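Single-structure report; data block below.
Any read-out appearing in this document is the output of simple, stated calculations on the displayed coordinates, not a laboratory observation. As the structure is a prediction and not an experimental result, all values here were calculated from the model. Neighbour counts run over all protein chains shown; Cβ positions are idealised from the backbone, glycine included.
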Amino acid sequence: MSFPAAARTTLADAQLRRNLGKATTLIREKRLRAVSELPDWEALRAAGEAIKARAMATLPEQLERLEASVTQAGGVVHWARDGAEANAIVAGIARSNGADEVIKVKSLATDEIGLNEALEASGIRAIETDLAELIVQLAHDKQSHILVPAIHKNRAEIRALFERTIAAGQSLGNEASAIAEAARTHLRAKFLSVPVAVSGANFGVAETGTVVVVESEGNGRMCVTLPRVLVTVMGIEKVLPQWRDLEVFLQLLPRSSTAERMNPYTSLWTGVTPGDGPQEFHLVLLDNGRTRVLADEIGRAALHCIRCSACLNVCPVYERVGGQAYESVYPGPIGAILTPQLRGLDAAPSLPWASSLCGACYEVCPVKIDIPSILVHLRGRVVREQKSSLSPEALAMKAMAAAFGSRRRYEGAQRLARLGRGPLARAALPGWTAMRDLPEPPRETFRDWWRLRHRPGGDVAGRASPGGLVLPPDEGSS
Amino acid sequence: MRVALFVTCFNDTLFPDTGRAVVTLLERLGCSVEFPLEQTCCGQMHVNSGYAHEAAPLLARFERVFASDVVVSPSASCVAHVREHVPGVRAFELTEFLVDELGVVDVGASFPHRVVLHPTCHSLRLLKVGDRPRRLLAAVRGIDLVELDAAEECCGFGGTFAVKNADTSMAMLSDKLRHVLDTRAEVCTAADTSCLMHIGGALRRQRAGVRTMHLAEILAAQE
């Protein structure tokens, strides 16, 4: 479905708009406070951008260093060209460990490749342990936010869902703690019994082979410490060259994302430690379109994203349509530039237009991704690569450009526009007048007025007006 | 000071009052205003819609027409566009020009009405004009300048966005309208006519009794 069509459906959901409006307004204010506390915030953003740009410019080298470091620390590194390869690797590891269930840390990369569905097809059940992911999974729903996948649901809806599923038959009451307790009881049994866990990665440090997961609930910590086998699926763009780079991102990420000075749980592990934590560690390095994004000199900055979701929370479009209208695990402004590049422009050609180019996303991005400029760049690519040069829009654009190309044609088009005809009048398309009036065409254009004013006998004709001197010959050619 | 007015194709064709107000205002402040008649459109709509190729000759034309001038324009959005794509031309948005180049905040205007300012995305985030429009308005005699809730949020215009994503655009606009109406202002103003056409179009459809006026018209007024 195109974005405008999907948005039409979600816009009609008044409850969704209330839930989202409330949640995003709150987190927006909190983020602003958390960021204002740091006197060097702009320097941190610049550092974050520079580190990411360097990592992407030296990506092959960084990935090989990461592979060597992880291998040396007792881990096994796998390379996956696409989602199908990655899913097969994870399923193979689960199967060889006799697991019919795996527990999962919240991970966008595994959502991107549909790992849960692929495991299901192999007879392995994936159990989401992040509270919001669990809600989405139990409701057979789709994620609507990078950080808070169930942001579109309110407490009453979640209570009813739990009463129907994991707390079958039990009445949970209205307290958040009772609702959370139902999830805790359900998950605790899984943490203690399931032998294989799957995680994503916020960062992977090439220098040391350390993988980092940042979270709030502690359920991720359970997954990466209790099971015997741990599999991490990491997008290749998550690699950082050096250990010290973490210092920058561990400040940028929590403040941008949850508006916290520091996130509650930061788990770091390097390969395998005998007698402590998982005794088998696999790192699956996932491409799935990322090298294609890297080939686009302007679009590649989308790979710098650290998945904080600050751009979603400030986006006036996201706030109204919600995440599901973007039909991707990456919604909001970042999704509008990432999804079409990862999947190919033909798979999501309307997403680069899912923005009014207001610039709020760029202003908050912790790694300074110029999302509006990339949106405009991708629009150009869609027009050149996907659309017919004879489409009504392309023809209208060409007609307008031709009209603007000479003074004579422009003034002719202005006269036609006043009669409701010609390329300038056609620019006002039907979508406009559904809910807005068009301005009354004025009796004279500005230049008509200017010319009258400066002709002999006009109100400034008598004095030495510079305007009177600039009348060029009435020739349209440029 | 001699300045060249870049009125924008939009104001030229649909909102001549805005251009007239800029001329009145600048002449009152001692500028001599030229209007190069060869100007047409800066190509912003083409670039933002993915037609950069079609915009290239328009940008070249803009550069040729305005090469040697100090350019003043009543559109933050168009100025941001030409500043990015034609860096050789010295172009100022009206409030930048008044405050930074002429060094005036009190422009001698008088407008005894209740006014609310929509600060516009491109004024704020592309040109970073900050509180210049607000300071200029605050110095107008008789004005009752009131605060707009969620002022910095986009009104939902966004050029072709308002047509391509009409439903989302309207959802954004209805929140902006609610905030405007909450202020009980008589006039909603901004430094960009395009946002005002969008906001004003809905205000008229709803017969809300609130007028939209470009900031230049208020600064030119001597009621």
Crossing angle, helix A:59-72 versus chain A [Cα axis fit, 0-90 degrees, rounded to tens]
10 degrees
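If you stretched the chain out fully between residue A:228 and residue A:117, how much longer would it get, using 0.36 nm times the residue separation minus the C-alpha to C-alpha distance?
Going from the current span to full extension adds 37.7 nm.
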By how many degrees, 0 to 90 and rounded to 10, does the Cα axis of helix A:246-257 deviate from the longest principal axis of chain A?
70 degrees
Scattering profile of region A:346-425 from the Debye formula, Cα beads only, expressed as log10 I(q)/I(0) at q = 0.11, 0.19 Å⁻¹, is -0.46, -0.89
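Based on the inverse mean of 1/r over its pairs of different Cα atoms, what is the Kirkwood hydrodynamic radius of region B:111-223, in Å? Walk me through the numbers before you get to the answer.
Details: mean 1/r = 0.0710 Å⁻¹.
Answer for region B:111-223: a Kirkwood hydrodynamic radius of 14.1 Å.
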Binned Cα-Cα distances of region B:59-115, short to long, each 5 Å bin given as a whole percent:
4, 18, 23, 21, 13, 9, 6, 5, 1
Go ahead and run the numbers for FRET between residue B:28 and residue B:146, Cβ-Cβ distance against an R0 of 22 Å, rounding to 0.05.
0.25
Pick from B:190, B:55, B:150: which is most flexible by mean-square fluctuation in a GNM of chain B where alpha carbon atoms under 10 Å apart are linked?
B:150
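How long are the three semi-axes of the equivalent ellipsoid for region B:1-99, computed from the Cα gyration tensor as the root of 5 times each eigenvalue, in whole Å, largest first? Don't skip to the answer; put the middle values down first.
Working: eigenvalues 100, 38, 27 Å².
After diagonalising the Cα gyration tensor, the semi-axes are 22, 14, 12 Å.
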For chain B: Kirkwood Rh in Å [reciprocal of mean 1/r, alpha carbons]
17.6 Å
Calculated FRET value between residue A:185 and residue A:33, using beta carbons and R₀ = 45 Å, to 0.05:
0.80
Here region A:8-15 yields Karplus 3J(HN,Hα) values (6.51, -1.76, 1.60; θ = phi - 60°; whole Hz; Gly and Pro given as x) of 4, 5, 6, 5, 6, 8, 5, 5
Can you pull the three principal axis extents for the Cα set of region B:41-141, in Å, largest first?
46, 29, 19
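On full extension of the chain, what length is gained from residue A:384 through residue A:297, given 0.36 nm per residue of separation minus the C-alpha to C-alpha distance?
Values: separation 87, 0.36 × 87 = 31.32 nm, distance 1.65 nm.
Stretched fully, the residue A:384-residue A:297 segment lengthens by 29.7 nm.
Let me know the Kirkwood hydrodynamic radius for region A:158-203, please, with Cα pairs as the basis and the value in Å to one decimal. Write down the numbers at each step before the final one.
Details: mean 1/r = 0.0827 Å⁻¹.
So the Kirkwood estimate lands at 12.1 Å.
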Only helices counted: for chain A, with every DSSP H run of 4 or more residues adding -39500 (n - 2.57) and the sum spread over all residues, [θ] at 222 nm is -14500 deg cm²/dmol
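Share of antiparallel DSSP beta bridges in chain A, in percent to the nearest 5? Write out the running numbers ahead of the final one.
Details: 10 of 35 bridges.
Rounded to the nearest five, the antiparallel share is 30 percent.
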Give the cysteines in chain A for which no other Cys Cβ lies under 4.7 Å away, or write none if there are none.
A:223, A:305, A:308, A:315, A:365
Using 0.36 nm per residue, how much length does the chain from residue A:415 to residue A:157 gain when fully extended, once their Cα-Cα distance is taken away?
87.1 nm
Lone Cys, chain B, Cβ cut-off 4.7 Å -> B:31, B:42, B:78, B:155, B:188, B:195
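With only alpha-carbon atoms in the gyration tensor, what are the semi-axes of the equivalent ellipsoid for region A:205-358, in Å, largest first? Don't skip to the answer; put the middle values down first.
On the way: eigenvalues 185, 69, 44 Å².
Equivalent-ellipsoid dimensions as semi-axes: 30, 19, 15 Å.
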Using amide H atoms built in the peptide plane, which far-off residues or other-chain residues are under 5 Å from residue B:92 H to H?
B:71, B:72, B:73
If I model region A:8-156 as equal point scatterers sitting on the Cα atoms and use the Debye formula, what is log10 I(q)/I(0) at q = 0.17 Å⁻¹?
-1.16
Quotient of C-alpha Rg and 2.2 N^0.38 Å, computed over the protein assembly as shown
1.07
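Between residue B:208 and residue B:101, what's the calculated FRET efficiency when r is the beta-carbon distance and R0 is 35 Å? Round to 0.05. Present the calculation step by step, with values, prior to reporting the outcome.
Numbers: r = 36 Å, r/R0 = 1.04.
About 0.45, to the nearest 0.05.
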Where the Cα pairs of region A:127-230 fall when distances are cut into 10 Å bins, in %
14, 42, 32, 10, 2, 0
Kirkwood-based Rg/Rh on the Cα set of region A:58-107 evaluates to 1.03
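Using the per-residue mean of other Cβ atoms lying within 10 Å as a proxy for protection, in what order, highest first, do the peptides A:44-52, A:248-256, A:155-163 fall?
Values: A:44-52: 19.0, A:248-256: 22.8, A:155-163: 16.8.
Descending packing order for the listed peptides: A:248-256, A:44-52, A:155-163.
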